[in-house]
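The values are calculated or read from the model by the stated rules, or taken from the named source; none is laboratory data. Just so it is clear, the model here is predicted, and its values are computed rather than measured. All Cβ positions, even for glycine, are placed from backbone atoms using ideal geometry, and neighbour counts span all protein chains on display. For accessibility, only protein heavy atoms count, side chains too; no ligands or nucleic acids. Shrake-Rupley method; radii C 1.70, N 1.55, O 1.52, S 1.80 Å.
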Amino acid sequence: MAALEKVKILVVGDSGVGKTSLVHHICHNESISNPGWTIGCTVEVKLYDYKEGTPGMKSFFLEFWDVGGSASHQNCRSIFYNGVNGLILVHDLTNKKSFTNLRHWLTEVLGSGKDAGNVLNSKLSKSSSNTNKGGWLEFTIDIGDDFDREQFAGNQIPVIIIGTKLDQAGTARILSSSRGLNLAEEIGADMINLNCTDTKQLKPGTLNDKKLCAFFDKVIERRFYSRELPQFQTQAVLADSSKFYDRSKRKMV
């Protein structure tokens, strides 16, 4: 049997947002009761069938690099960022700052420089004045004069944003305002909100599962297929990602 090819998916976010629980949920389809604090990085592997249910189906290994979010390790964790093929940004739905800090994580991983990080820090103090209204969690990023809309425009790494602890957040929702810009829209990323203790939320056929599989497919396509196809064919492949193989019904939907 030929060795399976693999892709590297980085999982980052503030300390305590639930990255380890999320990765365990994805890889083992079960919850973890008492996850420990991640020091440095831990790696979990999942066998994934790309384009399952189609003639082009092929198995790959997905490597999830769960990077510790402690600020004390900021200067040394860049060693884990080499060769990344996909990026999962994780935030805690009960912690507004953990969402705001995702821009910092994106900047850190993509190596956009210290200046962008300084701009982010100047925005954190402004955005901290936002409050929850009517039980809704309002996460916005302030657009000031220093905001660079092209900062992440050239990013070729597929990204997905996942909010955790949905069970503790009540009616959680990401809201935009006239002074804010939703990060997911800015970088063209999909979003998932879930409770990592409930395995049904990533059950095959659910919307969350479809979004996650579409992200995995895009990571694999960018890594192994985008250079082999003419531009118009590559665009067709990515456009076809709107169609999903429903593993519960065993057909394309």
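Here is a check on your reading of the model: is N29 among the polar types (S, T, N, Q), surrounded by fewer than 13 Cβ atoms within 10 Å (Cβ to Cβ) and without any contact (Cβ under 8 Å) to a residue 24 or more places away in the chain? Here the answer is no, as N29 does not meet what is asked.
Would you be able to say whether some residue in segment 157-164 is open to solvent by 60 Å² or more (accessible area, probe 1.4 Å), modelled with pLDDT of 90 or more and under 21 Å from the mean Cα position of the chain (by Cα)? No, the conditions are met nowhere in segment 157-164. The residues listed here are P35, P55; of these, the one that is surrounded by fewer than 21 Cβ atoms within 10 Å (Cβ to Cβ), in contact with a helix residue (DSSP H, G or I) (Cβ under 6 Å, 6 or more places away or on another chain) and not charged (D, E, K, R) is P35. Filtered by the rule that a residue be within 14 Å of V67 (Cα to Cα) and in contact with a helix residue (DSSP H, G or I) (Cβ under 6 Å, 6 or more places away or on another chain), segment 1-32 gives V11, V12, G13, D14, V17.
The residue that is nearest to K19 (Cα to Cα), counting only those in segment 63-76 that are open to solvent by less than 50 Å² (accessible area, probe 1.4 Å) and in contact with a Cys (Cβ under 8 Å, 6 or more places away or on another chain), is D66. Taken over segment 48-75, the criterion of being farther than 20 Å from G111 by Cα and either in a loop (DSSP other than H, G, I, E, B) or in contact with a Ser or Thr (Cβ under 6 Å, 6 or more places away or on another chain) (or both) is satisfied by D49, K51, E52, G53, T54, P55, G56, M57.
Each row is one residue, and each column tells you yes or no for (1) over 19 Å from N195 (Cβ atoms); (2) touching a residue at least 24 places away in the same chain (Cβ under 8 Å); (3) of a type in the set (S, T, Y).
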site: L4; (1), (2), (3): yes, yes, no
site: V7; (1), (2), (3): yes, yes, no
site: V11; (1), (2), (3): no, yes, no
site: H25; (1), (2), (3): no, yes, no
site: K46; (1), (2), (3): yes, no, no
site: T54; (1), (2), (3): yes, yes, yes
site: N75; (1), (2), (3): yes, no, no
site: K96; (1), (2), (3): no, yes, no
site: L102; (1), (2), (3): yes, yes, no
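In segment 77-114, the residue that is modelled with the lowest pLDDT out of those that are farther than 23 Å from A184 by Cα and buried (at least 17 other Cβ atoms within 10 Å of the Cβ) is R77.
Could you look through segment 196-229, keep only residues that are acidic (D, E) and either farther than 19 Å from L62 by Cβ or under 15 Å from the mean Cα position of the chain (by Cα) (or both), and pick out the one that is surrounded by the fewest Cβ atoms within 10 Å (Cβ to Cβ)? Selected residue: E228.
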